[in-house]
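The values are calculated or read from the model by the stated rules, or taken from the named source; none is laboratory data. On a predicted model such as this, the values are computed, not experimentally measured, just so you know. Ideal geometry is used to build each Cβ from the backbone, glycine not excepted, and the neighbour counts take in all protein chains shown. Keep in mind that these areas ignore ligands, DNA and RNA; they rest on the heavy atoms of the full protein, side chains included. Shrake-Rupley method; radii C 1.70, N 1.55, O 1.52, S 1.80 Å.
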Amino acid sequence: WCGRTLGPALEPFLNKRRDGDEDPEAAAALFVTSFLATAAGLGLLLLVPWVAYAVARFYERPADERHVQLAVFRRYALFQILWVYVSLVSLSVEDLGRVFAKNPRDAFELLSSRVAEASGYFVSVLVVKTCFGLGWELARPWPLLSKSVARALRRKPAPNPFDDDDDDDDGPEDAPDPARYGWILPNVVVVCCILFTFAVITPLLAPFALMYFAAAALVYKHQLLFVYGPPAQLGGAFLPLLLQALLVALTASQAVLFGVFSSARDWGLACAVAPLPVASQLVALSLRIGYHDALTGVPLNVARH
């Protein structure tokens, strides 16, 4: 569909990139799948947390900032995990519909076989998240623009002749932004989800995930030490939620791995992998029963120990 729709419009641009014998519709479909889909997906990932924040802040109206951050984290992490697996299906949706109409088993095998092919798409996602996403976090262009405009439009108070301090009072735009863990931690979850899914099937993706985590450790260490102000007292609530989200991602990746082994008719490995999703969810259940309620309301300095 992308090739038929966008092929004629993109033909002047694609003529410089494609081989002489390559069909323009196929070149347009490849370009849309490889580049525009990645950019559109990452652009949507930038928009979703703000929508979740607006819903939590202005519609649900919780009592404190802690519940706002938790609501953003839950929705953003869930959206990112679903985005990974919806992308796996959407990369082969046209062939999948045609094959499913003939034989549902062949459609299952086709979907499982496309997991390895989709790793190239997620390598580009990790590269963009590392080079652009973390660079955007370091540059922080929106806070720079908004705070500069607010400072320029702020009315300066009339000078007080009895005040020896000539410095202007700092306005709200001069205060540091709090660390928004509801935005930061879901990015860690989605990279873990991609790594869990493809580490066994295509191990060459693992160095790109390692590159992201190495760069993210440096970037967020700098931001938390020198840029962000002290966050709201979250009461250690993110620790159990983060563990639950990682276990959900691990469970989904184990289900995908079971599907890959089943499509390859390697029943020994499929039987070995089959209990793993249940085991992961049992671990998640034990953590939820034993630690989730106990960690609610614990101060941050106590929760990290």
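Per-residue surface analysis assigns Phe208 an accessible area of about 70 Å², computed on protein heavy atoms at 1.4 Å probe radius.
Once all protein chains are placed together, Thr130 keeps about 20 Å² accessible to a 1.4 angstrom probe. Across the range 210-226, computed HN-Hα scalar couplings (Karplus, 6.51 cos²θ - 1.76 cosθ + 1.60, θ = phi - 60°) run 4, 4, 5, 5, 5, 5, 5, 4, 5, 5, 6, 5, 5, 5, 6, 7, 10 Hz from first to last residue, x flagging Gly and Pro. Rolling a 1.4 Å probe over the protein chains gives Ser124 an accessible area of about 40 Å².
Extension gain, Asp266 to Leu138: 0.36 nm times the residue separation minus the Cα-Cα distance gives 41.5 nm. How much FRET efficiency would the formula 1/(1 + (r/R0)^6) give for Ala217 and Tyr121, where r is the Cβ-Cβ distance and R0 is 22 Å, rounded to 0.05? With R0 = 22 Å, the Cβ-Cβ based efficiency is 0.30.
Placing a pseudo-label 7 Å from each Cα along the Cα-to-Cβ vector at Leu44 and Leu145 gives an inter-label distance of 2.3 nm. The order of Tyr53, Tyr291, Tyr121 by accessible area, most exposed first and with a 1.4 Å probe, is Tyr291, Tyr53, Tyr121.
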